[in-house]
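Just below is one structure, and these are the notes that go with it.
The values are calculated or read from the model by the stated rules, or taken from the named source; none is laboratory data. Keep in mind that this is a model prediction, so the values were computed, not measured. With ideal geometry, Cβ positions are generated from the backbone for all residues, glycine too; neighbour counts draw on all protein chains shown. Note: areas computed on protein heavy atoms with side chains; ligands, DNA, RNA excluded. Shrake-Rupley method; radii C 1.70, N 1.55, O 1.52, S 1.80 Å.
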Amino acid sequence: MAEKKAATPGVRMLIDYGPLAVFFLVNSLAQGPVLARVFAATVAFMVAMAAAIALSWWKTRHVSPMLWITAAFVLLFGGLTLYFHDQTFIQIKPTIIYAMFAIVLGYGVIADKPLLQMLLEQAYPGLSAKGWRLLTINWALFFVAAAVANEVVRQFVTWDQWVLFKTWVMIPVTLVFAMLNIPLLLKHGLQLEKPEDAPIPPQE
């Protein structure tokens, strides 16, 4: 079995956010009516997700469970978008992913099972059981808010405005939220030389 390697922060950012950046760029640069740009951006998104998995394996000899889950949803809802010629599928994908993560993490809190720890594969060395529980609660609530926000926004804005929201609002908000959790992590035993390098759930 290939030995796992730690990804550098730059590689991890490329894996987690590269596909969304490709999605935004292709949508911005593609020509033609909205549906044509939806198709082009969706296909590029699907290819970029496959490339992210390949990059993860190449650099770390490993693909995280959360990346597999996210990629599966991208391919599924991207395929539905292309088949039915309907952008709704790719737009509701984040809502479903956020809601699923919120439910899974919420169940972990209720059942006292470290599901976030399993999904992130103990990527927070030294973090106590209480720290994992509090972090799980925080991310579960974040995903609930993110699911609601995506549904509200997609109902009232154009396709291009939604793409801007997905790329230029949700990514920064997720990164800021992750940074706000660092004091909590340090208080409960996190042992990383650079706490800001701690991984976060994918934003797809």
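Points to keep in mind about this one:
- Angle between the chain longest axis and helix 129-156 axis [Cα atoms, degrees, rounded to 10]: 10 degrees
- The helix-only estimate of mean residue ellipticity at 222 nm for the chain, built from DSSP H runs of length n ≥ 4 each weighted as -39500 (n - 2.57), is -25000 deg cm²/dmol after division by the residue total.
- Max mean-square fluctuation residue, GNM over the chain, Cα-Cα springs under 10 Å, options Tyr124, Tyr17, Tyr83: Tyr83
- For the stretch 47-117, the Stokes-Einstein estimate of translational diffusion at 37 °C and a viscosity of 0.692 mPa s comes to 241 µm²/s, using the Kirkwood hydrodynamic radius over alpha-carbon pairs.
- Residue among Ala21, Ala50, Ala111 with the largest mean-square fluctuation in a Gaussian network model of the chain, springs linking Cα atoms under 10 Å: Ala111
- Residues Ser28 and Asp86, FRET efficiency given R0 of 22 Å [Cβ-Cβ distance, rounded to 0.05]: 0.55
- Put a plus charge on the Cβ of each Lys and Arg, a minus charge on the Cβ of each Asp and Glu, and nothing anywhere else: the dipole of the stretch 1-154 about its Cα centre is then about 280 debye.
- Extension reserve of the Ser128-Phe156 stretch, reckoned as 0.36 nm per residue once the Cα distance is removed: 5.9 nm
- Violating pairs (Cα-Cα greater than 20 angstrom) within the set Lys59/Lys93; Lys5/Lys93; Lys130/Lys187: Lys59/Lys93; Lys5/Lys93
- Relative contact order (percent, whole number), the chain, Cα cutoff 8 Å, 6+ residue spacing: 24 percent
- Principal axes of the stretch 123-165: Cα extent on each, largest first, Å: 45, 16, 7
- Computed E for Arg61/Leu35 - FRET, C-beta separation, R0 41 angstrom, nearest 0.05: 0.55
- Protein-only accessible surface at a 1.4 angstrom probe places the residues Met118, Met66, Met13 in the order Met118, Met13, Met66, largest first.
- Selection from Phe177, Trp57, Ile90 lying farthest towards where the dipole of the chain points positive, charges on Cβ: Trp57
- Theoretical FRET efficiency, 1/(1+(r/R0)^6), r = Cβ-Cβ of Ile137 and Leu76, R0 22 Å, to 0.05: 0.15
- Ile171 paired with Ala111, simple spin-label distance in nm, labels 7 Å along Cα-to-beta-carbon: 3.4 nm
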